[in-house]
Amino acid sequence: MLTLRQVRLAWLLVLPTLLAVVLVAGYPLAQVFYWSFFKADIAFVEPPRFVGLENYLFLLKDPDFRQALWNTLKFTVVSVSLETALGLAIALIVHSNFRGRGLVRTAILIPWAIPTVVSAKMWQWMLHDVYGVINVLGVKLGILSQKVAFLARPELILPAIIAVDVWKTTPFMALLLLAGLQLIPEELYEAASIDGASRWQQFWSITLPLLTPALVVALIFRTLDALRVFDVIFVMSGVNPATRTLAVYNRQTLIDFQDLGYGSAISVAILVIIFVFVVLYMRTLGREALR
């Protein structure tokens, strides 16, 4: 049992961090909730007017918000699924014992190390329909019959951006899952081999169950990032309705339209959606996985 003195010391040590969180995150969050109940512009040209739930009611009827929500969900589900599958495959390969393993581990982190804005701009040039290297090589190798405007066709632009995000973020998933794999005792695999279990049986009976905690953490982190994705979308397509996510629409509302009240309501909606996804993960995969 902790003594009263130890409890006080613990609170004293944690207090600076709590104050920093309140100042850095708590106060802005409270301001967002506050302004979401007002009709106001950022420049305060007109006095703010309390409108109650009017912004939230309009949000439910706003077709642009629904389209942005749909784009965000598509981006999140597809990108996180692909990144998890590829990240797990890469982690399993890198975790095995082979010559040059350290070099390979370093190499796979290069896409993740490149700043997102830089990588998004780089891929925007590579996917250009006139001088982009993807089109040039595709036509020369016979993969493409003609040059394709990947970032101009509505049916291709979102898949192209998802592919860029998968290239960029898969190493992050692989790194988290690799850390989880290294915590699994090798003795379990040796015992399973002695009992005659195949590699596939070992994966389903040992690797996957014991990797679940790391997998849950990786999924939560990656899903939170995907639900509030902004940089790669904004750099590669701007405010294109075909790719505009909730974060991009929120920025457009606040900055371009100068609507502080409705923009704050969108911010609250993003927070609620993220919270719902975290709860679903916790309920589905179990709280024990994170202990």
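Does segment 180-291 come out rounded, prolate or oblate by the C-alpha gyration tensor, with a ≥ b ≥ c the root eigenvalues, rounded set by a/c under 1.5 and, if not, prolate when a/b is larger than b/c and oblate if not?
In terms of gyration-tensor shape, prolate.
I'd like the Karplus ³J(HN,Hα) series for segment 266-278: coefficients 6.51, -1.76, 1.60, θ = phi - 60°, whole numbers in Hz, and an x wherever there's a Gly or Pro.
5, 4, 5, 4, 4, 4, 5, 4, 4, 4, 4, 5, 4
Using the crude model of +1 on Lys and Arg Cβ and -1 on Asp and Glu Cβ, and no other charge, please compute the dipole size for segment 149-283 relative to its Cα centre, in debye to 20.
On the way: 8 positive and 10 negative charges, 81 e Å.
Here segment 149-283 has a charge dipole of around 380 debye.
For segment 195-252, state the semi-axes of the equivalent ellipsoid (square roots of 5 times the eigenvalues of the alpha-carbon gyration tensor), sorted largest first and rounded to whole angstrom.
Here the semi-axes work out to 41, 12, 7 Å.
Around Ser79, under 15 Å between beta carbons, what's the net of Lys plus Arg minus Asp minus Glu among the other residues? Spell out each step's value before the answer.
Working: positive: Lys74, Lys168, Arg222, Arg228; negative: Glu83, Asp165, Asp225, Asp231.
My count for the surroundings of Ser79 gives 0.
Normalised by the number of residues in segment 137-291, what is the relative contact order in percent for Cα pairs under 8 Å and 6+ residues apart? Mind dumping the intermediate values first?
Values: 96 pairs, mean separation 33.8, N = 155.
That works out to 22 percent.
Checking the a/c ratio against 1.5 first, then a/b against b/c, what shape does the Cα gyration tensor give for the chain? Please report the intermediate quantities before stating the final value.
On the way: a/c = 2.28, a/b = 1.16, b/c = 1.96.
It comes out oblate by the Cα gyration axes.
Quick one: Karplus J couplings for segment 236-248, per residue in order, coefficients 6.51, -1.76, 1.60, θ = phi - 60°, nearest Hz, x for Gly and Pro?
With the stated coefficients, segment 236-248 comes to 8, 9, x, 9, 4, x, 5, 10, 4, 8, 4, 5, 5 Hz.
Would you kindly derive the ³J(HN,Hα) couplings of segment 128-143 from the backbone phi angles with the Karplus curve 6.51 cos²θ - 1.76 cosθ + 1.60 (θ = phi - 60°), listing them in order in whole Hz, with x for Gly and Pro?
4, 6, 9, 10, x, 5, 5, 5, 4, 5, x, 6, 5, 8, x, 6
Which residues' amide hydrogens lie under 5 Å from the amide hydrogen of Lys39, considering only partners 5 or more residues apart or on another chain, with H built in the peptide plane?
Amide H neighbours of Lys39, under 5 Å, 5+ apart: Arg49, Phe50, Val51.
Excluding Leu219 itself, calculate the net charge of residues whose Cβ lies under 12 Å from the Cβ of Leu219, where each Lys or Arg counts +1 and each Asp or Glu counts -1.
-1
Cβ neighbours within 10 Å, averaged per peptide: list 112-125, 160-173, 19-32 in order, most packed at the top. Let's see the in-between values first.
Numbers: 112-125: 15.2, 160-173: 22.1, 19-32: 11.8.
In decreasing order of mean packing, 112-125, 160-173, 19-32 become 160-173, 112-125, 19-32.
Divide by every residue of the chain the summed helix terms, -39500 (n - 2.57) for each DSSP H run of at least 4, and state the resulting mean residue ellipticity at 222 nm, rounded to the nearest 500 deg cm²/dmol. Before the final figure, lay out each step's value.
Numbers: 15 runs with 199 residues, N = 291.
Calculated mean residue ellipticity at 222 nm is -22000 deg cm²/dmol.
Quick check on segment 14-75: what does the Kirkwood estimate of hydrodynamic radius come out to from the alpha carbon pairs, in Å?
Details: mean 1/r = 0.0700 Å⁻¹.
Its Kirkwood hydrodynamic radius stands at 14.3 Å.
Do any chymotrypsin sites (Phe, Trp or Tyr not before Pro) in segment 1-59 lie in a loop, going by DSSP, with at most 16 other beta-carbon atoms within 10 Å of their beta carbon, and if so which?
Those that pass, being in a loop and sparsely packed, are Phe44.
Which entries in Lys121/Lys147; Lys39/Lys74; Lys140/Lys168; Lys39/Lys121; Lys74/Lys121 show an alpha-carbon gap greater than 29 Å?
Too far apart for the 29 Å limit: Lys39/Lys74; Lys39/Lys121.
For segment 1-50, what D do you get in µm² per second when you plug the Kirkwood radius from alpha-carbon pairs into Stokes-Einstein at 10 °C and 1.306 mPa s?
Reported coefficient: 115 µm²/s.
For q = 0.10, 0.11, 0.13, 0.21 Å⁻¹, what log10 I(q)/I(0) does segment 46-189 give under the Debye formula with an equal point scatterer on each alpha carbon and no solvent?
Evaluating at q = 0.10, 0.11, 0.13, 0.21 Å⁻¹ gives log10 I(q)/I(0) of -0.56, -0.64, -0.80, -1.25.
Mind pulling the per residue volume of the convex hull built on the Cα atoms of segment 111-267? Å³ is fine.
Roughly 162 Å³ of hull volume per residue.
Based on a Kirkwood Rh over C-alpha pairs, give the Stokes-Einstein translational diffusion coefficient of segment 7-126 at 10 °C and viscosity 1.306 mPa s in µm²/s.
Calculated translational D: 78 µm²/s.
With the cut-off at 1.5 for a/c, could you classify segment 105-153 from its C-alpha gyration tensor as rounded, prolate or oblate?
Oblate is the answer for segment 105-153, as a/c is 1.5 or above yet b/c matches or exceeds a/b.
Readers should treat all values here as calculations from the given coordinates under stated rules, not as data from a laboratory. No experiment lies behind these values; they were computed from the predicted model shown. We place every Cβ from the backbone using ideal geometry, glycine too, and count neighbours over all the protein chains shown.
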